[in-house]
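K.L.:
This is the structure, below, for whatever I ask next.
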Amino acid sequence: MIAHDTISPQGLTRGGSADRMGPILDAWLFHRIYGWFHQPLLVPVMSGLTHLGDTRIIVALALLGVLESRRKAPSARRRKGPLIPWLGVGVAMGITGCLKILVTRPRPAEVYPALGLVAPDVGRSFPSGHAAGAFAVATALSLRWPRGRWLWFSLASGVALSRVALGMHWPSDAVVGALIGSGAVIGLSLGLRRWLQVE
């Protein structure tokens, strides 16, 4: 494990251009979050939270949401409304995947190899797919069961935070991923509901 003081914004940005290493503010925030949460007692908690955003978990939750929507709706027309948010989850994951191809941003572990990662990820950093998936599901669940929205978004925020705390993403990766996730679900829900004229 790396001591808090050895991970600094200067160390994260030294030896490379700002576009490759990430903006100074992003590096500073990463330094703070990683230092606060990458502790012996918190790493297992962060690891557990980060797995909630795994692709297989997001896909499974979306499929369960689709099945639940179809089972509860009495007619094909009424099924369309509850199904739309879960389609938004797929759209969010698709947008995230495309951006990862277009934006060649390295992960913090690549920039600063001395980080003691629990489960190193490979591939590009921007945006966070875990954050996008978690917030997309949280938004879909909130539209279906609004009373639990604090729980859904608390868990999604934990997933996003864990990606930074474990050194797998820059803070802006997680923030943009969260915006994509919620934005895709809300945007698709508003647009398709109006177009299809469903409740």
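The values are calculated or read from the model by the stated rules, or taken from the named source; none is laboratory data. In this text, all values refer to a predicted model and were calculated from it rather than measured experimentally. Every residue, glycine as well, gets a Cβ built from its backbone with ideal geometry; the counts of neighbours run over all protein chains shown.
K.L.:
Of the residues in region 173-199, how many are of a type in the set (S, T, N, Q), touching a helix residue (DSSP H, G or I) at 6+ places or on another chain (Cβ under 6 Å) and at pLDDT below 95?
P.N.:
Selection size over region 173-199: 1.
K.L.:
While we're on this one: Within region 98-109, can you find the residues that are farther than 13 Å from Val176 by Cα, in a helix (DSSP H, G or I) and in contact (Cβ under 8 Å) with a residue 24 or more places away in the chain?
P.N.:
Selection gives Pro108, Ala109.
K.L.:
Condition check: part of a helix (DSSP H, G or I), modelled with pLDDT under 90 and surrounded by fewer than 18 Cβ atoms within 10 Å (Cβ to Cβ). Does Arg56 satisfy that?
P.N.:
no
Yes/no per residue for (1) closer than 20 Å to Ile186 by Cβ; (2) at pLDDT below 80; (3) surrounded by 15 or more Cβ atoms within 10 Å (Cβ to Cβ):
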residue	(1), (2), (3)
Ile33	no, no, yes
Pro40	no, no, no
Pro44	no, no, no
Gly94	yes, no, no
Gly97	yes, no, no
Glu110	no, yes, yes
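K.L.:
For region 129-162, enumerate the residues that are closer than 19 Å to Pro82 by Cβ and of a type in the set (Ser, Thr, Tyr).
P.N.:
Thr139, Ser142 - these are the residues of region 129-162 that are closer than 19 Å to Pro82 by Cβ and of a type in the set (Ser, Thr, Tyr).
K.L.:
Taking the conditions exactly as written (closer than 17 Å to Ile57 by Cβ and hydroxyl-bearing (Ser, Thr, Tyr)), does Ser182 satisfy them or not?
P.N.:
So Ser182 does not fit the description; no.
K.L.:
Check off (1) at pLDDT below 75; (2) touching a helix residue (DSSP H, G or I) at 6+ places or on another chain (Cβ under 7 Å); (3) hydroxyl-bearing (Ser, Thr, Tyr) for Ser128 and give me the number that stays unchecked.
P.N.:
(1)
K.L.:
Okay, next question. Are any of the residues in region 137-151 assigned to a loop (DSSP other than H, G, I, E, B) and at negative phi?
P.N.:
There is at least one residue in region 137-151 that is assigned to a loop (DSSP other than H, G, I, E, B) and at negative phi.
K.L.:
Right, another one. What tally of residues in region 127-141 results from selecting those that are over 21 Å from Leu102 (Cα atoms) and not aliphatic (A, V, I, L, M)?
P.N.:
Count: 2.
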